[in-house]
(Lines give C-alpha, C1' and ligand atoms only; values in the text may rest on other atoms or scores of the structure.)
Protein backbone atom coordinates (compact mmCIF):
# COMPACT_ATOMS: atom_id res chain seq x y z
CA UNK A 1 0.00 0.00 0.00
CA UNK A 2 2.78 2.44 0.94
CA UNK A 3 4.65 1.71 -2.28
CA UNK A 4 1.48 2.14 -4.34
CA UNK A 5 0.98 5.60 -2.79
CA UNK A 6 4.55 6.77 -3.30
CA UNK A 7 5.56 4.93 -6.49
CA UNK A 8 2.56 3.83 -8.59
CA UNK A 9 4.72 3.46 -11.70
CA UNK A 10 7.05 1.11 -9.83
CA UNK A 11 4.08 -1.08 -8.88
CA UNK A 12 3.02 -1.18 -12.52
CA UNK A 13 6.58 -2.09 -13.56
CA UNK A 14 6.67 -5.03 -11.14
CA UNK A 15 3.69 -6.61 -12.84
CA UNK A 16 5.90 -7.54 -15.82
CA UNK A 17 7.97 -10.03 -13.76
CA UNK A 18 10.50 -10.89 -16.51
CA UNK A 19 13.49 -13.26 -16.27
CA UNK A 20 11.83 -15.33 -13.54
CA UNK A 21 13.27 -18.49 -15.08
CA UNK A 22 16.85 -17.44 -14.37
CA UNK A 23 16.31 -17.57 -10.60
CA UNK A 24 15.51 -20.42 -8.24
CA UNK A 25 14.18 -19.94 -4.72
CA UNK A 26 15.86 -22.02 -2.03
CA UNK A 27 15.92 -22.17 1.78
CA UNK A 28 19.16 -21.62 3.71
CA UNK A 29 20.38 -23.58 6.74
CA UNK A 30 19.01 -20.82 8.98
CA UNK A 31 15.57 -21.12 7.39
CA UNK A 32 15.79 -17.87 5.43
CA UNK A 33 14.81 -17.75 1.75
CA UNK A 34 17.61 -17.34 -0.77
CA UNK A 35 17.88 -17.09 -4.55
CA UNK A 36 20.14 -19.09 -6.84
CA UNK A 37 21.15 -17.30 -10.03
CA UNK A 38 21.16 -20.16 -12.53
CA UNK A 39 22.51 -18.33 -15.58
CA UNK A 40 25.93 -17.68 -14.00
CA UNK A 41 26.69 -21.29 -13.13
CA UNK A 42 24.78 -21.26 -9.84
CA UNK A 43 25.55 -18.18 -7.70
CA UNK A 44 23.63 -17.49 -4.51
CA UNK A 45 22.56 -13.86 -4.08
CA UNK A 46 22.98 -14.22 -0.31
CA UNK A 47 24.78 -16.46 2.15
CA UNK A 48 23.54 -20.07 1.87
CA UNK A 49 23.94 -20.34 5.65
CA UNK A 50 22.52 -17.16 7.25
CA UNK A 51 21.73 -14.25 4.87
CA UNK A 52 20.54 -11.93 7.64
CA UNK A 53 23.75 -12.30 9.64
CA UNK A 54 25.86 -11.86 6.51
CA UNK A 55 24.01 -8.63 5.69
CA UNK A 56 24.54 -7.22 9.19
CA UNK A 57 28.27 -7.94 8.99
CA UNK A 58 28.62 -6.33 5.56
CA UNK A 59 26.61 -3.27 6.52
CA UNK A 60 28.70 -2.90 9.69
CA UNK A 61 31.67 -2.03 7.47
CA UNK A 62 29.72 1.03 6.24
CA UNK A 63 29.29 2.64 9.67
CA UNK A 64 32.12 5.13 9.28
CA UNK A 65 32.94 7.35 6.34
CA UNK A 66 29.52 7.57 4.68
CA UNK A 67 27.28 10.49 5.62
CA UNK A 68 25.57 11.03 2.27
CA UNK A 69 22.37 9.32 1.12
CA UNK A 70 23.09 5.64 0.41
CA UNK A 71 22.42 4.26 -3.06
CA UNK A 72 22.07 0.46 -2.93
CA UNK A 73 22.87 -1.08 -6.29
CA UNK A 74 20.86 -4.32 -6.23
CA UNK A 75 18.23 -5.31 -3.69
CA UNK A 76 18.31 -9.10 -3.88
CA UNK A 77 15.84 -10.30 -1.26
CA UNK A 78 16.20 -7.17 0.87
CA UNK A 79 18.48 -8.46 3.66
CA UNK A 80 20.98 -5.64 3.13
CA UNK A 81 18.20 -3.05 3.03
CA UNK A 82 16.91 -4.31 6.38
CA UNK A 83 20.40 -4.18 7.87
CA UNK A 84 21.00 -0.65 6.58
CA UNK A 85 17.70 0.60 7.98
CA UNK A 86 18.50 -0.99 11.34
CA UNK A 87 22.12 0.13 11.58
CA UNK A 88 22.37 3.57 9.99
CA UNK A 89 21.36 7.10 10.92
CA UNK A 90 17.55 7.46 10.77
CA UNK A 91 18.05 10.76 8.94
CA UNK A 92 20.20 9.14 6.25
CA UNK A 93 18.00 8.32 3.21
CA UNK A 94 18.40 4.99 1.43
CA UNK A 95 17.74 4.63 -2.29
CA UNK A 96 17.39 0.96 -3.29
CA UNK A 97 17.67 0.05 -6.97
CA UNK A 98 16.68 -3.31 -8.45
CA UNK A 99 16.79 -4.18 -12.15
CA UNK A 100 14.66 -7.31 -11.90
CA UNK A 101 10.95 -6.86 -11.04
CA UNK A 102 10.65 -10.41 -9.72
CA UNK A 103 13.39 -9.91 -7.13
CA UNK A 104 11.83 -6.67 -5.94
CA UNK A 105 8.43 -8.36 -5.79
CA UNK A 106 9.87 -11.15 -3.61
CA UNK A 107 11.56 -8.59 -1.37
CA UNK A 108 8.32 -6.71 -0.75
CA UNK A 109 6.47 -9.98 -0.14
CA UNK A 110 9.10 -11.01 2.43
CA UNK A 111 9.56 -7.73 4.31
CA UNK A 112 7.33 -4.86 5.44
CA UNK A 113 9.00 -1.55 4.60
CA UNK A 114 5.80 0.53 4.84
CA UNK A 115 6.93 2.75 7.75
CA UNK A 116 10.28 3.62 6.17
CA UNK A 117 8.72 4.28 2.75
CA UNK A 118 6.06 6.61 4.18
CA UNK A 119 8.67 8.37 6.33
CA UNK A 120 10.73 9.08 3.24
CA UNK A 121 13.71 7.18 4.55
CA UNK A 122 13.52 4.41 1.93
CA UNK A 123 12.81 4.74 -1.76
CA UNK A 124 12.89 1.95 -4.35
CA UNK A 125 13.96 2.61 -7.94
CA UNK A 126 13.51 0.51 -11.07
CA UNK A 127 15.35 0.36 -14.38
CA UNK A 128 12.97 2.91 -15.99
CA UNK A 129 13.75 5.31 -13.11
CA UNK A 130 17.48 5.07 -13.85
CA UNK A 131 16.82 5.47 -17.56
CA UNK A 132 15.06 8.79 -16.87
CA UNK A 133 17.83 10.13 -14.64
CA UNK A 134 20.40 12.69 -15.75
CA UNK A 135 24.07 12.91 -14.72
CA UNK A 136 23.37 15.64 -12.16
CA UNK A 137 20.68 13.44 -10.57
CA UNK A 138 23.27 10.79 -9.76
CA UNK A 139 25.70 12.92 -7.78
CA UNK A 140 26.03 13.15 -4.00
CA UNK A 141 25.38 9.50 -3.13
CA UNK A 142 27.38 6.92 -1.25
CA UNK A 143 27.26 3.97 -3.65
CA UNK A 144 26.85 0.61 -1.93
CA UNK A 145 26.77 -2.29 -4.43
CA UNK A 146 25.12 -5.58 -3.51
CA UNK A 147 27.97 -8.15 -3.17
CA UNK A 148 26.66 -10.19 -6.12
CA UNK A 149 24.24 -8.04 -8.10
CA UNK A 150 26.50 -5.00 -7.87
CA UNK A 151 28.97 -6.77 -10.16
CA UNK A 152 26.24 -7.92 -12.57
CA UNK A 153 24.52 -4.53 -12.87
CA UNK A 154 27.45 -3.15 -14.81
CA UNK A 155 25.87 -0.36 -16.83
CA UNK A 156 24.06 1.04 -13.80
CA UNK A 157 27.28 1.10 -11.80
CA UNK A 158 29.08 2.94 -14.59
CA UNK A 159 26.30 5.53 -14.71
CA UNK A 160 26.77 6.31 -11.03
CA UNK A 161 30.55 6.38 -11.17
CA UNK A 162 30.84 8.50 -14.33
CA UNK A 163 31.20 12.24 -14.13
CA UNK A 164 28.75 14.64 -15.70
CA UNK A 165 30.07 16.32 -18.83
CA UNK A 166 31.28 19.90 -18.51
CA UNK A 167 28.48 22.35 -19.07
CA UNK A 168 25.92 19.59 -18.49
CA UNK A 169 25.95 18.48 -22.16
CA UNK A 170 26.11 14.81 -23.04
CA UNK A 171 24.84 12.26 -25.53
CA UNK A 172 23.02 9.12 -24.49
CA UNK A 173 22.81 5.73 -26.20
CA UNK A 174 19.98 3.39 -25.29
CA UNK A 175 21.38 -0.14 -25.69
CA UNK A 176 18.94 -3.04 -25.74
CA UNK A 177 20.12 -5.84 -23.48
CA UNK A 178 21.55 -8.79 -25.36
CA UNK A 179 24.18 -10.71 -23.44
CA UNK A 180 27.93 -10.34 -23.44
CA UNK A 181 28.21 -8.73 -26.88
CA UNK A 182 25.84 -5.93 -25.88
CA UNK A 183 28.07 -5.24 -22.86
CA UNK A 184 31.12 -5.03 -25.10
CA UNK A 185 29.37 -2.65 -27.51
CA UNK A 186 28.21 -0.55 -24.54
CA UNK A 187 31.79 -0.28 -23.33
CA UNK A 188 32.94 0.85 -26.77
CA UNK A 189 30.18 3.49 -26.90
CA UNK A 190 31.25 4.79 -23.49
CA UNK A 191 34.82 5.08 -24.73
CA UNK A 192 33.49 7.30 -27.53
CA UNK A 193 31.99 9.61 -24.91
CA UNK A 194 28.36 8.46 -24.90
CA UNK A 195 26.42 7.81 -21.74
CA UNK A 196 25.00 4.29 -22.04
CA UNK A 197 21.69 3.13 -20.62
CA UNK A 198 20.77 -0.55 -20.93
CA UNK A 199 17.15 -1.41 -21.61
CA UNK A 200 15.05 -4.58 -21.64
CA UNK A 201 11.99 -3.61 -23.72
CA UNK A 202 8.55 -5.16 -23.19
CA UNK A 203 7.91 -7.95 -25.68
CA UNK A 204 5.08 -6.45 -27.74
CA UNK A 205 3.63 -3.40 -25.97
CA UNK A 206 4.49 -0.74 -28.55
CA UNK A 207 3.09 2.15 -26.51
CA UNK A 208 5.11 1.05 -23.48
CA UNK A 209 8.23 0.81 -25.65
CA UNK A 210 7.70 4.34 -26.97
CA UNK A 211 7.12 5.61 -23.42
CA UNK A 212 10.34 4.00 -22.18
CA UNK A 213 12.35 5.46 -25.05
CA UNK A 214 10.94 8.95 -24.62
CA UNK A 215 11.54 8.88 -20.87
CA UNK A 216 15.23 8.05 -21.37
CA UNK A 217 15.62 10.76 -24.04
CA UNK A 218 18.34 8.98 -26.06
CA UNK A 219 20.24 10.39 -29.02
CA UNK A 220 20.76 6.87 -30.35
CA UNK A 221 19.22 3.40 -29.97
CA UNK A 222 21.52 0.39 -30.35
CA UNK A 223 20.29 -3.16 -30.83
CA UNK A 224 22.22 -6.42 -31.18
CA UNK A 225 20.32 -8.42 -33.82
CA UNK A 226 17.18 -7.24 -35.56
CA UNK A 227 13.96 -6.74 -33.54
CA UNK A 228 10.57 -6.35 -35.16
CA UNK A 229 8.89 -3.01 -34.65
CA UNK A 230 11.97 -1.02 -33.63
CA UNK A 231 12.65 0.51 -37.08
CA UNK A 232 9.09 1.86 -37.23
CA UNK A 233 9.39 3.30 -33.71
CA UNK A 234 12.77 4.79 -34.58
CA UNK A 235 11.25 6.55 -37.59
CA UNK A 236 8.24 7.75 -35.62
CA UNK A 237 10.46 9.29 -32.92
CA UNK A 238 13.17 10.50 -35.29
CA UNK A 239 15.90 8.72 -33.32
CA UNK A 240 18.66 6.82 -35.18
CA UNK A 241 18.65 3.05 -34.66
CA UNK A 242 21.86 1.04 -35.06
CA UNK A 243 21.33 -2.69 -35.56
CA UNK A 244 24.35 -5.00 -35.55
CA UNK A 245 23.29 -8.49 -36.63
CA UNK A 246 25.70 -11.05 -35.16
CA UNK A 247 23.66 -14.29 -34.90
CA UNK A 248 21.86 -16.60 -37.34
CA UNK A 249 18.10 -16.45 -37.48
CA UNK A 250 15.35 -18.76 -38.69
CA UNK A 251 13.28 -15.71 -39.64
CA UNK A 252 12.83 -14.18 -43.07
CA UNK A 253 12.07 -10.47 -43.24
CA UNK A 254 8.71 -9.36 -44.54
CA UNK A 255 8.71 -6.28 -46.80
CA UNK A 256 8.60 -3.09 -44.76
CA UNK A 257 5.31 -1.22 -45.02
CA UNK A 258 6.94 2.17 -44.56
CA UNK A 259 10.36 3.68 -45.18
CA UNK A 260 12.75 3.56 -42.24
CA UNK A 261 15.34 6.25 -42.94
CA UNK A 262 16.59 6.33 -39.35
CA UNK A 263 17.54 2.63 -39.26
CA UNK A 264 21.15 1.62 -39.96
CA UNK A 265 21.70 -2.13 -40.24
CA UNK A 266 25.09 -3.84 -40.09
CA UNK A 267 25.19 -7.58 -40.71
CA UNK A 268 27.94 -10.14 -40.21
CA UNK A 269 26.92 -11.97 -43.41
CA UNK A 270 27.36 -10.47 -46.86
CA UNK A 271 24.45 -12.52 -48.17
CA UNK A 272 22.13 -10.87 -45.65
CA UNK A 273 22.81 -7.40 -47.05
CA UNK A 274 20.63 -8.23 -50.06
CA UNK A 275 17.87 -9.67 -47.85
CA UNK A 276 17.63 -6.53 -45.74
CA UNK A 277 17.66 -4.27 -48.79
CA UNK A 278 14.99 -6.34 -50.52
CA UNK A 279 12.88 -5.95 -47.39
CA UNK A 280 13.03 -2.17 -47.89
CA UNK A 281 15.90 -1.01 -45.67
CA UNK A 282 17.98 1.77 -47.17
CA UNK A 283 21.08 1.80 -44.95
CA UNK A 284 22.55 -1.72 -44.87
CA UNK A 285 26.22 -2.67 -44.75
CA UNK A 286 28.33 -5.74 -44.19
CA UNK A 287 30.31 -5.59 -40.94
CA UNK A 288 32.35 -8.59 -39.74
CA UNK A 289 32.36 -9.73 -36.14
CA UNK A 290 35.17 -8.64 -33.83
CA UNK A 291 36.77 -9.11 -30.40
CA UNK A 292 36.97 -7.02 -27.26
CA UNK A 293 40.68 -7.09 -26.31
CA UNK A 294 39.81 -5.99 -22.79
CA UNK A 295 37.84 -9.21 -22.35
CA UNK A 296 39.94 -11.53 -24.51
CA UNK A 297 43.68 -11.08 -23.96
CA UNK A 298 46.92 -13.09 -23.51
CA UNK A 299 47.46 -14.47 -20.00
CA UNK A 300 50.30 -15.94 -17.97
CA UNK A 301 48.73 -19.04 -16.45
CA UNK A 302 49.72 -20.79 -13.25
CA UNK A 303 50.37 -24.53 -13.02
CA UNK A 304 47.00 -24.91 -11.30
CA UNK A 305 45.21 -23.08 -14.12
CA UNK A 306 46.98 -25.17 -16.75
CA UNK A 307 45.96 -28.33 -14.95
CA UNK A 308 42.35 -27.18 -14.78
CA UNK A 309 42.00 -25.71 -18.27
CA UNK A 310 44.93 -26.96 -20.33
CA UNK A 311 44.56 -29.15 -23.43
CA UNK A 312 46.40 -30.14 -26.57
CA UNK A 313 43.22 -29.46 -28.52
CA UNK A 314 40.04 -27.87 -27.23
CA UNK A 315 36.69 -26.78 -28.59
CA UNK A 316 34.54 -24.36 -26.62
CA UNK A 317 31.00 -24.11 -27.90
CA UNK A 318 27.45 -25.34 -27.79
CA UNK A 319 26.46 -28.83 -28.89
CA UNK A 320 23.39 -27.07 -30.35
CA UNK A 321 21.39 -30.17 -29.39
CA UNK A 322 18.74 -28.36 -27.34
CA UNK A 323 18.25 -25.64 -29.91
CA UNK A 324 18.07 -28.20 -32.70
CA UNK A 325 15.33 -30.07 -30.85
CA UNK A 326 13.34 -26.88 -30.29
CA UNK A 327 13.53 -26.10 -34.00
CA UNK A 328 12.59 -29.67 -34.92
CA UNK A 329 9.46 -29.33 -32.82
CA UNK A 330 8.71 -25.96 -34.41
CA UNK A 331 9.13 -27.55 -37.85
CA UNK A 332 6.64 -30.28 -36.93
CA UNK A 333 4.20 -27.73 -35.51
CA UNK A 334 4.33 -25.46 -38.57
CA UNK A 335 4.03 -28.28 -41.11
CA UNK A 336 1.38 -30.37 -39.35
CA UNK A 337 -1.73 -30.39 -41.51
CA UNK A 338 -0.04 -28.15 -44.08
CA UNK A 339 -0.29 -29.22 -47.69
CA UNK A 340 2.96 -30.43 -49.25
CA UNK A 341 3.34 -28.63 -52.63
CA UNK A 342 5.87 -31.08 -54.04
CA UNK A 343 7.27 -30.94 -57.56
CA UNK A 344 5.44 -33.41 -59.83
CA UNK A 345 8.54 -35.58 -60.29
CA UNK A 346 9.48 -35.59 -56.59
CA UNK A 347 9.12 -38.89 -54.69
CA UNK A 348 8.80 -36.94 -51.40
CA UNK A 349 5.21 -36.41 -50.33
CA UNK A 350 5.38 -34.98 -46.80
CA UNK A 351 7.51 -32.64 -44.68
CA UNK A 352 8.72 -35.35 -42.31
CA UNK A 353 10.33 -37.27 -45.18
CA UNK A 354 11.79 -34.03 -46.51
CA UNK A 355 13.44 -33.37 -43.13
CA UNK A 356 14.97 -36.85 -43.02
CA UNK A 357 16.20 -36.64 -46.61
CA UNK A 358 17.79 -33.22 -46.05
CA UNK A 359 19.70 -34.45 -42.99
CA UNK A 360 20.74 -37.64 -44.76
CA UNK A 361 22.15 -35.74 -47.75
CA UNK A 362 23.91 -33.28 -45.48
CA UNK A 363 25.43 -36.06 -43.39
CA UNK A 364 26.89 -37.68 -46.53
CA UNK A 365 28.90 -34.54 -47.28
CA UNK A 366 29.62 -32.45 -44.14
CA UNK A 367 31.88 -30.10 -46.10
CA UNK A 368 29.23 -28.61 -48.39
CA UNK A 369 25.86 -27.18 -47.41
CA UNK A 370 23.15 -29.40 -48.92
CA UNK A 371 19.98 -28.87 -46.84
CA UNK A 372 18.62 -25.95 -48.86
CA UNK A 373 19.40 -27.76 -52.13
CA UNK A 374 17.14 -30.60 -51.01
CA UNK A 375 14.31 -28.18 -50.22
CA UNK A 376 14.80 -26.45 -53.58
CA UNK A 377 14.72 -29.78 -55.42
CA UNK A 378 11.47 -31.00 -53.89
CA UNK A 379 9.48 -27.80 -53.26
CA UNK A 380 8.55 -24.73 -55.32
CA UNK A 381 10.77 -21.67 -54.68
CA UNK A 382 10.08 -19.94 -51.38
CA UNK A 383 7.33 -22.36 -50.30
CA UNK A 384 9.34 -23.49 -47.26
CA UNK A 385 9.00 -20.03 -45.70
CA UNK A 386 5.82 -19.91 -43.62
CA UNK A 387 4.16 -17.78 -40.94
CA UNK A 388 4.18 -18.98 -37.34
CA UNK A 389 1.11 -17.10 -36.12
CA UNK A 390 3.25 -14.56 -34.25
CA UNK A 391 3.94 -12.25 -37.19
CA UNK A 392 7.16 -14.08 -38.04
CA UNK A 393 8.14 -15.71 -41.31
CA UNK A 394 10.05 -18.91 -40.51
CA UNK A 395 12.51 -20.55 -42.90
CA UNK A 396 11.89 -24.29 -42.52
CA UNK A 397 15.15 -25.12 -44.27
CA UNK A 398 17.14 -23.25 -41.63
CA UNK A 399 15.29 -25.20 -38.91
CA UNK A 400 16.61 -28.40 -40.48
CA UNK A 401 20.03 -26.83 -41.07
CA UNK A 402 20.47 -26.13 -37.36
CA UNK A 403 20.13 -29.87 -36.66
CA UNK A 404 22.59 -30.56 -39.48
CA UNK A 405 25.01 -28.06 -37.92
CA UNK A 406 24.76 -29.85 -34.59
CA UNK A 407 25.55 -33.18 -36.25
CA UNK A 408 28.51 -31.67 -38.11
CA UNK A 409 30.06 -30.36 -34.90
CA UNK A 410 29.93 -33.86 -33.48
CA UNK A 411 31.44 -35.26 -36.70
CA UNK A 412 34.30 -32.74 -36.58
CA UNK A 413 35.18 -33.63 -32.99
CA UNK A 414 34.93 -37.34 -33.71
CA UNK A 415 37.81 -36.99 -36.20
CA UNK A 416 40.04 -36.14 -33.22
CA UNK A 417 39.59 -39.65 -31.86
CA UNK A 418 42.22 -40.65 -34.44
CA UNK A 419 44.81 -38.92 -32.24
CA UNK A 420 44.42 -41.68 -29.64
CA UNK A 421 44.98 -41.42 -25.90
CA UNK A 422 48.33 -39.64 -26.29
CA UNK A 423 46.70 -36.23 -26.82
CA UNK A 424 44.53 -34.36 -24.37
CA UNK A 425 41.39 -33.28 -26.22
CA UNK A 426 38.71 -31.36 -24.34
CA UNK A 427 35.27 -30.00 -25.19
CA UNK A 428 33.73 -27.19 -23.17
CA UNK A 429 30.00 -26.64 -23.45
CA UNK A 430 26.49 -27.69 -22.48
CA UNK A 431 25.12 -31.05 -21.37
CA UNK A 432 24.26 -31.90 -24.97
CA UNK A 433 27.85 -33.12 -25.40
CA UNK A 434 27.39 -35.71 -22.70
CA UNK A 435 27.38 -39.22 -24.13
CA UNK A 436 27.94 -38.32 -27.80
CA UNK A 437 31.72 -37.81 -27.77
CA UNK A 438 34.29 -40.58 -28.32
CA UNK A 439 35.95 -41.93 -25.18
CA UNK A 440 39.25 -40.23 -26.02
CA UNK A 441 37.62 -36.78 -25.93
CA UNK A 442 36.86 -35.33 -22.51
CA UNK A 443 33.72 -33.27 -21.97
CA UNK A 444 34.79 -30.65 -19.40
CA UNK A 445 31.38 -29.10 -18.73
CA UNK A 446 30.10 -25.56 -19.26
CA UNK A 447 32.53 -22.66 -19.38
CA UNK A 448 31.76 -19.10 -18.26
CA UNK A 449 31.75 -16.60 -21.11
CA UNK A 450 33.57 -13.96 -19.12
CA UNK A 451 37.01 -14.65 -17.60
CA UNK A 452 36.85 -18.46 -17.78
CA UNK A 453 36.55 -18.66 -21.57
CA UNK A 454 39.55 -16.37 -21.95
CA UNK A 455 41.49 -18.79 -19.74
CA UNK A 456 40.48 -21.77 -21.90
CA UNK A 457 41.67 -20.04 -25.07
CA UNK A 458 45.01 -19.25 -23.42
CA UNK A 459 45.47 -22.74 -21.96
CA UNK A 460 44.88 -24.67 -25.22
CA UNK A 461 47.74 -25.48 -27.55
CA UNK A 462 45.26 -25.68 -30.44
CA UNK A 463 41.82 -24.04 -30.37
CA UNK A 464 39.41 -25.63 -32.82
CA UNK A 465 36.75 -23.60 -34.63
CA UNK A 466 33.65 -25.34 -36.02
CA UNK A 467 31.22 -23.12 -37.91
CA UNK A 468 27.56 -23.76 -38.67
CA UNK A 469 27.35 -25.63 -41.96
CA UNK A 470 24.79 -23.19 -43.39
CA UNK A 471 26.86 -20.07 -42.74
CA UNK A 472 30.32 -21.11 -43.84
CA UNK A 473 30.65 -17.71 -45.54
CA UNK A 474 31.54 -15.93 -42.27
CA UNK A 475 34.41 -15.64 -39.83
CA UNK A 476 32.97 -16.70 -36.47
CA UNK A 477 33.24 -14.79 -33.21
CA UNK A 478 35.44 -17.60 -31.87
CA UNK A 479 38.09 -16.77 -34.48
CA UNK A 480 38.46 -13.16 -33.35
CA UNK A 481 38.29 -14.07 -29.65
CA UNK A 482 40.95 -16.81 -29.81
CA UNK A 483 43.35 -14.62 -31.77
CA UNK A 484 42.73 -11.72 -29.36
CA UNK A 485 44.04 -14.09 -26.67
CA UNK A 486 47.08 -14.83 -28.86
CA UNK A 487 45.88 -18.41 -29.03
CA UNK A 488 46.64 -20.75 -31.91
CA UNK A 489 43.56 -21.37 -34.02
CA UNK A 490 42.55 -24.13 -36.42
CA UNK A 491 39.61 -22.52 -38.17
CA UNK A 492 36.76 -23.69 -40.37
CA UNK A 493 37.55 -22.22 -43.79
CA UNK A 494 35.40 -19.52 -45.36
CA UNK A 495 35.98 -16.89 -48.03
CA UNK A 496 35.36 -14.25 -45.38
CA UNK A 497 38.12 -15.71 -43.22
CA UNK A 498 40.56 -15.28 -46.09
CA UNK A 499 39.50 -11.64 -46.49
CA UNK A 500 39.99 -10.81 -42.82
CA UNK A 501 43.25 -12.72 -42.23
CA UNK A 502 46.24 -13.99 -44.16
CA UNK A 503 45.74 -17.74 -44.40
CA UNK A 504 48.68 -19.91 -43.32
CA UNK A 505 50.53 -16.99 -41.74
CA UNK A 506 47.91 -15.48 -39.38
CA UNK A 507 45.45 -18.35 -39.14
CA UNK A 508 45.34 -21.99 -40.26
CA UNK A 509 42.14 -23.27 -41.85
CA UNK A 510 40.78 -26.68 -42.77
CA UNK A 511 38.53 -27.04 -45.81
CA UNK A 512 37.37 -30.56 -45.00
CA UNK A 513 36.72 -32.35 -41.71
CA UNK A 514 39.06 -35.09 -42.89
CA UNK A 515 41.97 -32.61 -42.79
CA UNK A 516 41.64 -31.93 -39.07
CA UNK A 517 43.65 -34.86 -37.62
CA UNK A 518 46.70 -34.33 -39.88
CA UNK A 519 46.76 -30.59 -39.22
CA UNK A 520 46.50 -31.16 -35.48
CA UNK A 521 49.36 -33.69 -35.53
CA UNK A 522 51.56 -31.30 -37.47
CA UNK A 523 51.05 -28.27 -35.26
CA UNK A 524 51.30 -30.21 -31.99
CA UNK A 525 54.83 -31.12 -33.06
CA UNK A 526 55.72 -27.60 -34.31
CA UNK A 527 55.10 -25.28 -31.32
CA UNK A 528 57.38 -22.53 -32.64
CA UNK A 529 55.35 -22.32 -35.84
CA UNK A 530 52.15 -22.17 -33.78
CA UNK A 531 53.51 -19.32 -31.69
CA UNK A 532 54.55 -17.32 -34.74
CA UNK A 533 51.17 -17.73 -36.45
CA UNK A 534 49.26 -16.96 -33.26
CA UNK A 535 51.25 -13.75 -32.73
CA UNK A 536 50.60 -12.59 -36.32
CA UNK A 537 46.86 -13.27 -35.96
CA UNK A 538 46.81 -11.48 -32.61
CA UNK A 539 48.41 -8.37 -34.09
CA UNK A 540 45.90 -8.39 -36.96
CA UNK A 541 42.97 -8.47 -34.54
CA UNK A 542 44.31 -5.58 -32.45
CA UNK A 543 44.97 -3.55 -35.60
CA UNK A 544 41.75 -4.14 -37.54
CA UNK A 545 39.20 -6.35 -35.78
CA UNK A 546 38.20 -4.93 -32.39
CA UNK A 547 34.68 -4.07 -31.33
CA UNK A 548 35.96 -0.57 -30.58
CA UNK A 549 36.93 -0.13 -34.25
CA UNK A 550 33.61 -1.53 -35.46
CA UNK A 551 31.59 0.79 -33.20
CA UNK A 552 33.62 3.80 -34.31
CA UNK A 553 32.88 2.86 -37.94
CA UNK A 554 29.14 2.68 -37.26
CA UNK A 555 29.08 6.00 -35.41
CA UNK A 556 31.03 7.72 -38.20
CA UNK A 557 28.39 6.65 -40.72
CA UNK A 558 25.58 8.38 -38.86
CA UNK A 559 24.44 11.71 -40.33
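Do we find that residue 372 is surrounded by fewer than 20 Cβ atoms within 10 Å (Cβ to Cβ) and touching a helix residue (DSSP H, G or I) at 6+ places or on another chain (Cβ under 6 Å) in this structure? So residue 372 passes the test.
Could you list all residues from region 519-536 that are surrounded by fewer than 12 Cβ atoms within 10 Å (Cβ to Cβ) and more than 20 Å from residue 422 (Cβ to Cβ)? Scanning region 519-536 gives a single hit, 528. Which of the residues spanning region 426-435 are buried (at least 16 other Cβ atoms within 10 Å of the Cβ) and closer than 19 Å to residue 407 by Cβ? Once the filter is applied, which keeps residues that are buried (at least 16 other Cβ atoms within 10 Å of the Cβ) and closer than 19 Å to residue 407 by Cβ, region 426-435 yields 427, 429, 430, 432, 433. Out of all the residues in region 390-413, is one or more surrounded by fewer than 22 Cβ atoms within 10 Å (Cβ to Cβ), more than 23 Å from residue 331 (Cβ to Cβ) and touching a strand residue (DSSP E or B) at 6+ places or on another chain (Cβ under 8 Å)? Yes: region 390-413 contains one or more residues that are surrounded by fewer than 22 Cβ atoms within 10 Å (Cβ to Cβ), more than 23 Å from residue 331 (Cβ to Cβ) and touching a strand residue (DSSP E or B) at 6+ places or on another chain (Cβ under 8 Å). Looking at 507, 541, just one residue is within 23 Å of residue 179 (Cβ to Cβ) and crowded, with 16+ Cβ neighbours inside 10 Å, and that residue is 541. Return the residues of region 178-200 that are surrounded by fewer than 19 Cβ atoms within 10 Å (Cβ to Cβ), at pLDDT 85 or above and not in a helix (DSSP H, G or I); say none if nothing qualifies. Once the filter is applied, which keeps residues that are surrounded by fewer than 19 Cβ atoms within 10 Å (Cβ to Cβ), at pLDDT 85 or above and not in a helix (DSSP H, G or I), region 178-200 yields 192, 193. Do the conditions hold for residue 280, that is, is it surrounded by 15 or more Cβ atoms within 10 Å (Cβ to Cβ), out of contact with any strand residue (DSSP E or B) (no Cβ under 8 Å at 6 or more places or on another chain) and farther than 30 Å from residue 464 by Cβ? Judged against the criteria, residue 280 is a match. Would you be able to say whether some residue in region 300-312 is more than 30 Å from residue 183 (Cα to Cα) and touching a strand residue (DSSP E or B) at 6+ places or on another chain (Cβ under 9 Å)? Yes, region 300-312 has at least one match.
The values are calculated or read from the model by the stated rules, or taken from the named source; none is laboratory data. Computed from a predicted model, the values in this text were never measured in an experiment. For neighbour counting, all protein chains shown are included, and Cβ atoms are generated from backbone atoms with ideal geometry for every residue, glycine included.
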